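Reading through the structure tokens given below for one structure.
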Amino acid sequence: MYAFDYHKPSSVADAIAVLKKADDGTFVAGGMTLIPTLKQRLAQPSDLIDLGGVKELVGITVSGNTVTIGAMTTHAAVAKSAEVAKAIPALAALAGGIGDPQVRNRGTIGGSVANNDPAADYPAACLALGATIKTDKREVKADDFFTGLFETDLAEDEVIVSVSFPTADKAAYMKFDNPASRYALVGVFVAKTAGGAKVAVTGAGQNGVFRVPEMEKALSANWSADAVAGLKVNAGTLNADIHASADYRAHLITVMAKRAVAAAG
Ligand SMILES: Cc1cc2nc3c(=O)[nH]c(=O)nc-3n(C[C@H](O)[C@H](O)[C@H](O)COP(=O)(O)OP(=O)(O)OC[C@H]3O[C@@H](n4cnc5c(N)ncnc54)[C@H](O)[C@@H]3O)c2cc1C
């Protein structure tokens, strides 16, 4: 690990002010991705700005048909929230299936969506539920936020404040996970909303999380596992690595989509 200066501001405004003064500063949330990156000397920021002291970034509120989760809220807090479990049970279940207890108690929703790991779970929920990512500067629709592998629309000096999820008539998330890391080999989030069905896939895309319009059309016409049973994503657009071939991932997407629709009821 290279040397860096450490700061612990207590407001978003202070965090941004510290970042602007730094040569090459970066925000740290739970450190679940960033600290291993530093330990492996894959990054050398001049300053680490710890968002852990910013109380305004923590918490869950449910208002009308919207669940809003502060960026520094941990996966464990979302998983055990009775309010989330009531409003969007699939979201609480998703958070409870992330990593292991250590990861869930340190990792945050803001860190997860900012990092946009191609196998992370939350980005699939964001796309399928039509979430809005609120930053200190603006609000961005999930469809415009995730722009590629580990890439988002976020500027370097922009802080994610919260993520807002509209509730759905029905929703479920199914992942086929890597038994070592619990990251998704393939994860499929399905949602039945007033505007139609949405299907988002993580773990498989060459450009990260993506929606499947063909499945959305089929489910909008007929919300049933049978409606997606014959539909397959083109394996040519999918990842192949030591864990699974592109063909296997294409097969899993259909299987996980069917299971998710069945689980959503
Ligand atoms: C062993 C292991 C298993 C895991 N398994 C899973 C899994 O099954 N599913 C899954 O989805 N994830 C998994 N993860 C990822 C984990 O859940 C975290 O979401 C992820 O590592 C980000 O961690 P963090 O919140 O601590 O952010 P950090 O590591 O602190 O930060 C990550 C990045 O986000 C930026 N950032 C953080 N917060 C903000 C903010 N508010 N505004 C702007 N930028 C910000 C940081 O600058 C940094 O670039 C796993 C991680 C580990 C280590």
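Numerical summary
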read-out: Per-residue HN-Hα couplings for the range 90-107 [Karplus 6.51, -1.76, 1.60; θ = phi - 60°; Hz; x = Gly/Pro]; value: 5, 6, 5, 5, 4, 4, x, x, 7, x, 10, x, 4, 5, 5, 8, 10, x
read-out: Pairs of Lys in the range 103-243 closer than 22 Å at Cα, counting only those 8 or more apart or on different chains; value: 17
read-out: Cα gyration tensor shape of the chain, rounded if a/c is under 1.5, else prolate or oblate by comparing a/b with b/c; value: prolate
read-out: Estimated 222 nm signal from helices in the chain, with DSSP H stretches of n ≥ 4 weighted -39500 (n - 2.57), rounded to 500; value: -9500 deg cm²/dmol
read-out: Shape of the range 182-265, Cα gyration tensor, a/c cut at 1.5; value: prolate
read-out: Stretch gain in nm, segment Ala180-Glu156, where the contour uses 0.36 nm per residue and the Cα spacing is subtracted; value: 5.5 nm
read-out: Whole-Å semi-axes of the ellipsoid equivalent to the range 5-50 (Cα gyration tensor, √5λ, descending); value: 19, 12, 6
read-out: Spin-label pair Thr61/Asp247, simplified geometry with 7 Å Cα→Cβ offset, distance in nm; value: 5.2 nm
read-out: Over the range 167-217, relative contact order from alpha-carbon pairs under 8 Å, at least 6 apart, %; value: 28 percent
read-out: Mean separation of Cα contacts under 8 Å, 6 or more apart, over the residue count of the chain: relative contact order %; value: 15 percent
read-out: Total formal charge among the other residues, if their Cβ is under 14 angstrom from that of Thr202, Lys/Arg +1 and Asp/Glu -1; value: +2
read-out: Summed side-chain charge close to Lys170 - residues other than Lys170 whose Cβ falls under 15 Å, Lys, Arg +1, Asp, Glu -1; value: +3
read-out: DSSP bridge orientation in the chain - percent antiparallel, rounded to nearest 5; value: 85 percent
read-out: Charge dipole of the range 110-191 about the Cα centre (unit charges at C-beta), most positive-ward option of Thr132, Val161, Phe189; value: Phe189
read-out: Estimated dipole of the chain in Debye, rounded to 20 [Cβ of Lys and Arg +1, of Asp and Glu -1, Cα centre]; value: 820 debye
read-out: Karplus (6.51, -1.76, 1.60) ³J(HN,Hα), θ = phi - 60°, over the range 212-229, in Hz, Gly and Pro reported as x; value: 10, x, 5, 6, 4, 5, 5, 6, 5, 7, 8, 6, 7, 4, 4, 5, 9, 4
read-out: Descending principal axes extents, the range 57-166, alpha-carbon based, whole Å; value: 33, 32, 24
read-out: Difference of contour (0.36 nm per residue) and Cα-Cα distance, Ala17 to Lys217; value: 67.4 nm
read-out: Solvent-accessible surface (1.4 angstrom probe) belonging to Asp247, in square angstrom, nearest 10; value: 110 Å²
read-out: Segment Ala262-Ala43, length gained on full extension (0.36 nm per residue, minus Cα span); value: 74.5 nm
read-out: Hull volume in cubic angstrom per residue (convex hull over the Cα atoms of the range 116-200); value: 97 Å³
read-out: Peptide ranges 2-15, 66-79, 20-33 listed from the most packed, as the mean C-beta count within 10 angstrom indicates; value: 66-79, 20-33, 2-15
read-out: Mean Cα-pair separation over length for the range 170-264, i.e. relative contact order, pairs under 8 Å, 6 or more apart, %; value: 31 percent
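The values are calculated or read from the model by the stated rules, or taken from the named source; none is laboratory data. What you see is a predicted model, and the numbers here were worked out from it, not measured in a lab. Virtual Cβ from ideal backbone geometry, glycine too; neighbours counted across all protein chains shown. What goes into the accessible areas is simple: the full protein's heavy atoms, side chains included, and nothing from ligands, DNA or RNA. Shrake-Rupley method; radii C 1.70, N 1.55, O 1.52, S 1.80 Å.
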